[in-house]
Amino acid sequence: MNPISSNDLQTDPSQFPDLDVYAVAGNPIIHSKSPAIHRRFAEQSKQAMHYGRMQPAIGQFIQTAKAFFAAGGKGMNVTVPFKLDAQALAEVLTARAQLAGAVNTLWMKEGKLYGDNTDGLGLVSDLLGQGIQIQNARILLLGAGGAARGVMGPLLEQRPAQLIIANRSSAKADQLVHLFGELALSHNVQLAARSLQDLQDQSKTPQAFDLVINATAAGLTDQSPLAESALGNIFKPGVFAYDMVYGKTTQFMQQALHRGARVSDGLGMLVEQAANAFLIWRGADVTIDPRAVLLELRT
Ligand code: ATR
């Protein structure tokens, strides 16, 4: 699958009068796989559309997105660092986007700009697609920034037995517990916060986890959020370790592998969040095959 096409750089809707035009916006955006993924979905479902990528300057997202939609753009995916700007720009937010505190999918409908967040659904779809059971599972979520918050709602809706959020600064993990406390209660999920330090203390993590998700930014600087002394408490045989970062075997994944855990990077989450955006834009009845696209990306 050809990841980059020079046509990707075109995002002016007036240049494609016969096509519905979409784009992904981020900074940087050069390495984005989204155009290739959406091109494949369009081929699979025979949709007449063009999908390009754009790199607004920092501070220029809102202006750029407004111009794109004013020129007839139909929808946009939004990635780092513009998801909060996208949330501010959207006139109507889905409940999911409000809970996630960020928007990764925008679309124009009847003159109004809508915003949703498909990241959490993407993670859940990928986990289920890999045969990982979330219902009744004990989950450890590492990190309490935007990436962690974005997936909490959809994870809780799967009704795990327990969701522990562990963060370097435990105050941020406490805030997420507060924010999602009601949702957890309504789904009968035990929700609690820890510091990363706590994970080194076996008395504070007495029971094994089934699923450990790394939503910290540590992998981007070749670090792991987990100290060596915490690994024995966390990675027991049978654990599934998932890193939201993709394209490399992170330190976190290596630690898990050495302890006999199964691991996954976040490429499937990327494809599945794109699939959910595509279905919002083009209608839930179109037929696409995200797992086939994921396989193509991996080969
Ligand atoms: P994102 O939107 O990607 O989540 P963010 O909001 O800046 O970005 O949050 C980054 C997350 O990664 C935070 O949970 C951060 O921990 P702190 O809240 O304590 O800062 C975590 N993080 C980043 N680098 C880390 C590292 N080297 N070790 C552990 N946690 C790290």
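Here the extension length gained between residue 220 and residue 295 equals 24.6 nm, from 0.36 nm per residue of separation less the Cα-Cα distance. Considering only 127, 183, 211, the mean-square fluctuation computed in a Gaussian network model of the chain, springs between alpha carbons under 10 angstrom, is largest for 183. Lys-Lys pairs in the chain that are eight or more residues apart or on separate chains and whose Cα atoms lie under 12 Å of each other come to 4.
Between residue 178 and residue 7, the FRET efficiency from the beta-carbon distance, with R0 = 35 Å, is close to 0.15.
Close amide H pairs (under 5 Å, H built 1.01 Å from N) link residue 53 with 9, 10, 24, residues at least 5 positions away or on another chain. Need one word for segment 90-177: rounded, prolate or oblate. Basis is the Cα gyration tensor (sqrt eigenvalues a ≥ b ≥ c); a/c below 1.5 gives rounded, then a/b vs b/c decides. Since a/c reaches 1.5 but b/c is at least a/b, the shape of segment 90-177 is classed as oblate. Mean residue ellipticity at 222 nm, helices only, the chain: -11500 deg cm²/dmol; runs of at least 4 DSSP H residues each add -39,500 (n - 2.57), and the sum is divided by the number of residues. Around the Cα centre of the chain, unit charges on the Cβ atoms of Lys, Arg, Asp and Glu (plus for the first two, minus for the last two) sum to a dipole of about 260 debye. The magnitude of the dipole of segment 3-106, with charges of +1 and -1 set on the Cβ of Lys/Arg and Asp/Glu and taken from the Cα centre, is near 280 debye. Based on C-alpha pairs under 8 angstrom that are at least 6 apart in sequence, segment 132-265 has a relative contact order of 23 percent.
For the peptides 77-89, 59-71, the ranking by mean Cβ contacts within 10 Å, running from highest to lowest, is 77-89, 59-71.
So for the chain: antiparallel DSSP bridges make up what percent, rounded to the nearest 5? Restricted to the chain, the bridges split so that about 20 percent are antiparallel. Using the Cβ-Cβ distance between residue 112 and residue 14 with R0 = 35 Å, the FRET efficiency computed as 1/(1 + (r/R0)^6) comes to roughly 0.95. Legend: helices of the chain (whole DSSP H runs) are marked when their alpha-carbon atoms reach 20 angstrom or more along the helix axis and their mean Kyte-Doolittle hydropathy is at least -1.0; marked are 170-186, 267-282.
Based on Cα contacts under 8 Å between residues 6+ apart, the chain shows a relative contact order of 15 percent. Taking a sphere under 15 Å around the Cβ of residue 39 and counting the other residues whose Cβ falls inside, with K and R at +1 and D and E at -1, yields a net charge of 0. Considering all different alpha carbon pairs of segment 6-76, the Kirkwood hydrodynamic radius works out to 12.3 Å. Across the accessible surface of segment 151-255, with the other protein chains kept in place and a 1.4 Å probe, carbon and sulfur atoms take up 46 percent.
Overall form of segment 132-265: rounded. Here a/c, set by the Cα gyration tensor axes a ≥ b ≥ c, is under 1.5. Averaged over residues, the count of other Cβ atoms within 10 Å places the peptides 35-46, 9-20 in the sequence 35-46, 9-20, highest first. Per residue, segment 132-265 exposes an accessible area of 46 Å² to a 1.4 Å probe, with every protein chain left in place.
The values are calculated or read from the model by the stated rules, or taken from the named source; none is laboratory data. Fair warning: this is a prediction, and the values are worked out from it, not measured in the lab. Positions of Cβ are generated from backbone atoms using ideal geometry, with glycine treated the same way; all protein chains shown enter the neighbour counts. Heavy atoms of the whole protein, side chains included, go into the accessibility calculation; ligands, DNA and RNA do not. Shrake-Rupley method; radii C 1.70, N 1.55, O 1.52, S 1.80 Å.
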